[in-house]
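Notes follow once the structure below has been shown.
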Amino acid sequence: MGADTTSLLLKIEGLHKCFGKNVVLDGACLDVPRGSLVTVLGRSGAGKSVLLKCLADVVQPDSGSIFFDGKPLTAGDAAARADFRRRCSFLFQSNALFDSLTALENVELPLEQTTAVPDKEIRERSLEALRQLELDAYKDHYPSQLSGGMQKRLALARAIVTRPELVLFDEPTAGLDPLRRNAVFAMIAKYQRQFGFTALVVTHDLTEALLASDRVALLDKGRMCFEGTSDEFSASTSAVVGDFRDSAAALGRTLASIRRGEALQSEDS
Amino acid sequence: MLRAVGRYTLSIVHELGDFALFTGQSFRAAVGARRLWRRVVRAGFEQGVRCLPVILIVGMFTGLVLGLQGYYVLNRFGSEGLLGTLVSLSLIRELGPVLAALMLVGQAGSALAAELGMQRNTEQIAALETMGASSHAYLVTPRLLAALVVYPMQTALFVTIGLWGGSLSGSMLLGLEPGIYWSAVERAVEAPDVRECFTKAATFGLLTVALCAYHGFNAHLCSTATGARAVSASTTRAVVQSSIIVLAADYVITSFLV
């Protein structure tokens, strides 16, 4: 919506996915322009993570199309999938770091297992990625010896060491306090600009997403019910967008009515 | 009743087929795997060096007990001179491969199933796959290849220590001439016995490591539990089934080779 199709790195059309009778994605569509930071918002259980896992080939969609750099990614096309995996990285909500490997070994892993790059160059590139994410002093630490924020940065270092064009972030701020949430979004925005990759983030943290993203989409009941800039999102008159955007105000109204009810009860007694 | 039996039989057949595909896929992943030998060496260290103490201790006590029991039985017939024959053939043809495999299942097999189960639970395996790396080539193939070497080596060590244990109880504790014991060992052991020993050890290694890896790798598919309980359930299943398969395979190999 609004994006020039030639500048699109990723395009999703009519994605469907059911788990038994539970329809998780019901024709989801999304355009991701090259070099942008796009955030998919939605309530818990809206299908955001499944959407990302369909892209990463962890979950197979029932139907629909995904185009990467103009080429379709179909389940049977191993070459197209391999090309996509080479040019894309995935950041799990849990970070999915190898707990028996040190920070440096974790960053070396994708280069070691998927490329023919010589060992010396792997070491140099991995150290460089750790340096860029200010983790070089912790290269010999195991993930369990790092703080939550450092683990997130380590996962990002592992994701960018292969120099991907697209990085998928699955709920990068889940379970974090507001300060850490800000820090993680700032980190994503900073490195997205520094390294020039395209970022697709799924989250339900509205404020941070609106501030950091170039474009925002809202997924509701498996369908994309809004796509546009942060300003367009803030100005949208759609009821679904309004519900999501004004949830804090709705909470205020609910709490006020609860307090009014309590006051009436105390007056009656 | 008939339906339940049929369903259970079908589920076993399905699981056997799934296991065969898993093992085949793991061997196929060796083709084109990157930096495989480095992982094989590491897996060999885990299966071999870490299990060394238990192999040495159990091997020694097995030999000691065989020496004692064998001496008392043979003594009734005045054939104590055949103690070396009894201990060596029992250890080489049967007890060595079986007991060493069971010890390795208890130590390395359970650790492998639990580690892979945890890696599945914490999305480490999914992370490997999204990187475009083969999770089989990285996690399973090196362990299978290492088992083909480590299990026979551990078995040879078990047998050697067991023979010394038999000598210790027979000669030093019960007064049998060491020369008689060792010459009986030398006369009794022939090349086919050693071949049978190594064939069994390599087969047990392959089957048990594949089975433990299969259960750990598929811990998320456990129908009776989720999360940490699924890991513990799959580890238990891996150890129990591996122990059974060692004894079943032992019978099959023995009946073919004897």
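Here are some notes:
- Shape category assigned to the protein assembly as shown from the gyration tensor of Cα positions, a/c cut at 1.5: prolate
- Restricting segment A:17-68 to trypsin sites (Lys or Arg not before Pro) in coil, as DSSP defines it, with at most 12 other Cβ within 10 Å: A:21
- Surface per residue (accessible, 1.4 Å probe) for segment B:150-236, Å²: 44
- Apportionment of accessible area to carbon and sulfur, segment A:5-254, percent (1.4 Å): 52
- Derived scalar couplings between HN and Hα for segment A:82-87 equal 5, 5, 4, 5, 5, 9 Hz in order, rounded to whole Hz, by the Karplus curve 6.51 cos²θ - 1.76 cosθ + 1.60 (θ = phi - 60°), x for Gly and Pro.
- The spacing between segment A:54-83 and segment B:41-89, judged by their C-alpha centroids, is 57 Å.
- Remark: segment B:82-89, residue by residue, has Karplus-estimated 3J(HN,Hα) of 8, 4, x, 5, 4, 5, 5, 5 Hz, where x stands for each Gly or Pro and the curve is 6.51 cos²θ - 1.76 cosθ + 1.60 at θ = phi - 60°.
- Contact-buried residues of segment B:82-127, at a threshold of 30 Å² lost accessible area versus the chain by itself: B:123, B:124, B:127 (1.4 Å probe; DNA, RNA and ligands ignored).
- With distances taken between every two different alpha-carbon atoms, segment A:114-213 has a Kirkwood hydrodynamic radius of 14.4 Å.
- Accessible area of chain B belonging to carbon and sulfur atoms, whole % at 1.4 Å probe: 68
- Rounded to whole Hz, the Karplus (6.51, -1.76, 1.60) HN-Hα couplings of segment B:46-56, x for glycine and proline: 4, 6, x, 5, 5, 8, 4, x, 5, 5, 5
- Cβ crowding within 10 Å averaged over residues, with A:192-201, B:53-62 ranked highest first: A:192-201, B:53-62
- Descending semi-axes in whole angstrom, ellipsoid equivalent of segment A:1-150, from the Cα gyration tensor: 32, 19, 16
- Residues with amide H under 5 Å from that of residue A:224, placed H, sequence gap 5 or more: A:29
- Computing FRET efficiency as 1/(1 + (r/R0)^6) for residue A:116 and residue B:232, where r is the C-beta to C-beta distance and R0 is 41 Å, gives about 0.55.
- Under a 5 Å amide H cut-off, with hydrogens placed 1.01 Å from N, residue A:201 pairs with A:38, A:39, A:40, A:169 among residues at least 5 apart or on other chains.
- Charge dipole of chain A (Cα centre as origin; +1 on each Lys and Arg Cβ, -1 on each Asp and Glu Cβ, all else neutral): 160 debye, rounded to the nearest 20.
- Buried accessible surface for the A/B chain pair comes to about 1900 Å², total over both chains, computed with a 1.4 Å probe.
- Over the protein assembly as shown, dividing the summed -39,500 (n - 2.57) contributions of all DSSP H runs of at least 4 residues by the number of residues returns a 222 nm mean residue ellipticity of -19500 deg cm²/dmol.
- For B:128-141, mean number of other protein chain Cβ atoms within 10 Å: 5
- Range in chain B, longest, excluding exposed trypsin sites (Lys or Arg not before Pro) [loop by DSSP; at most 15 other beta-carbon atoms within 10 Å]: B:51-258
- Taking amide H as placed 1.01 Å from N in the peptide plane, residue A:9 has its amide H under 5 Å from the amide H of A:32, A:34, each at least 5 places away in sequence or on another chain.
- For residues of A:91-102, the mean tally of beta carbons on other chains within 10 Å: 4
- The residues of chain A expose, per residue, 47 Å² of accessible area to a 1.4 Å probe.
- Relative packing of peptides A:64-73, A:252-261 - highest average C-beta neighbours within 10 Å first: A:64-73, A:252-261
- Simple label model, 7 Å out from Cα along Cβ direction - residue B:251 to residue A:145, nm: 5.1
- Size of segment A:5-254 from its Cα atoms: along the principal axes, largest to smallest, the extents are 56, 45, 36 Å.
- Between the C-alpha center of segment B:193-258 and that of segment B:111-161 there is a gap of 13 Å.
- C-alpha center-to-center spacing [segment A:138-168, segment B:171-188] in angstrom: 62
- Bridge type composition, segment A:5-254 - antiparallel percent by DSSP, nearest 5: 55
- For segment A:109-140, residues shielded by at least 30 square angstrom of accessible area compared with the chain on its own, probe 1.4 Å: A:109, A:112, A:113, A:114, A:119
- Antiparallel DSSP beta bridges within the protein assembly as shown, as percent of all bridges there, nearest 5: 55
- Buried on assembly, segment B:24-67 (at least 20 Å² less accessible surface than by itself, 1.4 Å probe): B:34, B:35, B:38, B:42
- Across segment B:34-257, the volume of the C-alpha convex hull divided among the residues equals 130 Å³ per residue.
The values are calculated or read from the model by the stated rules, or taken from the named source; none is laboratory data. The structure displayed is predicted, hence computed values, not measured ones. Note that each Cβ is placed from the backbone with ideal geometry, even for glycine, and that neighbours are counted across all protein chains shown. Accessible surface areas use protein heavy atoms only, side chains included; no ligands, DNA or RNA. Shrake-Rupley method; radii C 1.70, N 1.55, O 1.52, S 1.80 Å.
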